[in-house]
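Single-structure report; data block below.
Any read-out appearing in this document is the output of simple, stated calculations on the displayed coordinates, not a laboratory observation. From a predicted model like this one, the values you see are computed outputs, not experimental measurements. All Cβ positions, even for glycine, are placed from backbone atoms using ideal geometry, and neighbour counts span all protein chains on display.
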Amino acid sequence: MKNILVIGATGQIGSELTMELRKRYGNSNVVAGYIHNAEPKGELKESGPCEIVDVMNAEHLALVVKKYAIDTIYNLAALLSVVAESKPTLAWKIGVDGLWNVLEVARENQCAVFTPSSIGSFGPNTPKVKTPQDTIQRPKTIYGISKVTTELLSDYYHLKYGVDTRSVRFPGIISNITLPGGGTTDYAVDIYYAAVKGETFICPIDQGTLMDMMYMPDALNAAIKLMEADPTKLIHRNAFNIAAMSFDPEIIYHSIRRRIPDFKMIYDINPLKQKIAESWPDSLDDSCARAEWGWKPEYDLERMTDDMLEKLSCRLKK
Ligand code: SER
């Protein structure tokens, strides 16, 4: 990876991934691609090149790739699961038609491509506990359907044209910088904000609903480590199960309460989010990622809770 383009650089993952890549590969070598209503600000804007990149505009995407001699594309453009249900056509256009444009430009310019998949690529008839790497993927959401399609298309471009496509199935990502917005797992971010602000948390997901989650530093490491991995060791490509922790609302609530004893949580279940959450695995088996490219997370729930509360307390008190 020498010249990198991050598409969706102002989103939840993109905003932190761009900065991490700039730290590792040099500020001028990482282009932050953003869309019209999501301009970069602050350090993200000032620390390196920024370009408007809409995955639905193939011609302009190709111009940016050529202008910076891009060799690696992180394609993070997507709508999250809940918002995608209200805009299925747009979710498909961004997730699938957009990926097609990215893969074509990658084929023509010899770029490697990372397009994240998700726990949402599984469905209600997938084995729920320790979900295997290779198993049934019949999701019921447009988010999941588009993620399965991105996995298949990415593998197709690798097999047919030799494009170096690689991906992981991200669990719910928890971070303290950019909010996710429109996902089923967002509650696991929102609960920390409520705790630090001294508010009662209204939980939209029912107790007992387990989902895989991951702290942002591990998610960033996964995306970078996989793209740096020795290709001869990769049996799989699109996409690897990765896992760090699995919890339900009670488990994360008690993790916070051990540090903030008067923190309160009540339930007000959101039927759409609950239905989606119940169709996703409780936990993933990530042994292929561990064996093929050395995946290993650093944060468990307790370490993440310490860090989230510390960082958010500093920021929200300023
Ligand atoms: N965080 C995503 C969502 O909730 C799942 O990958 O939509």
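Tabulated values for the structure
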read-out: Qualifying lysines (Cα of each under 16 Å from Cα of LYS197; at least 8 residues distant if same chain); value: LYS264, LYS311, LYS317, LYS318
read-out: Estimated inter-spin distance, ILE136 and THR89, nm [label 7 Å along Cα→Cβ]; value: 3.3
read-out: GNM flexibility winner over the chain from HIS158, HIS236, HIS36 (Cα, springs under 10 Å); value: HIS36
read-out: Rounded Å value of the spacing that divides the Cα centres of region 1-78 and region 81-108; value: 17
read-out: Rounded to 10°, Cα long-axis angle of helix 187-197 versus longest principal axis of the chain; value: 60
read-out: Packing-based ranking, highest mean first, of 91-104, 184-197 given that Cβ atoms within 10 Å are counted; value: 184-197, 91-104
read-out: Gaussian network model of the chain, Cα within-10 Å springs - most flexible of GLY42, GLY120, GLY26; value: GLY42
read-out: Rounded to 10°, Cα long-axis angle of helix 301-317 versus longest principal axis of the chain; value: 90
read-out: Gain upon complete extension [SER313, LEU179; 0.36 nm per residue less C-alpha separation]; value: 46.7 nm
read-out: Pairwise label distance in nanometres, TYR267 with LYS160, each label 7 Å out on the Cα-Cβ vector; value: 4.7
read-out: Those aspartates and glutamates that a straight Cα-Cα span of less than 17 Å connects to LYS140, excepting residues fewer than 8 apart in one chain; value: GLU85, GLU151, GLU278, ASP282
read-out: 222 nm mean residue ellipticity, helices alone, for the chain (DSSP H n ≥ 4; -39,500 (n - 2.57); rounded to 500); value: -13000 deg cm²/dmol
read-out: Spin-label proximity, ARG24 to region 233-252 - amide N less than 20 Å from point 7 Å beyond Cα toward beta carbon; value: 233-245
read-out: Cut-off 20 Å (backbone N to label point 7 Å along Cα→Cβ of ALA38), residues of region 1-26; value: 4-22
read-out: Separation between Cα centres of region 274-318 and region 136-153, rounded to whole Å; value: 22
read-out: LEU63 paired with ASP230, simple spin-label distance in nm, labels 7 Å along Cα-to-beta-carbon; value: 4.3
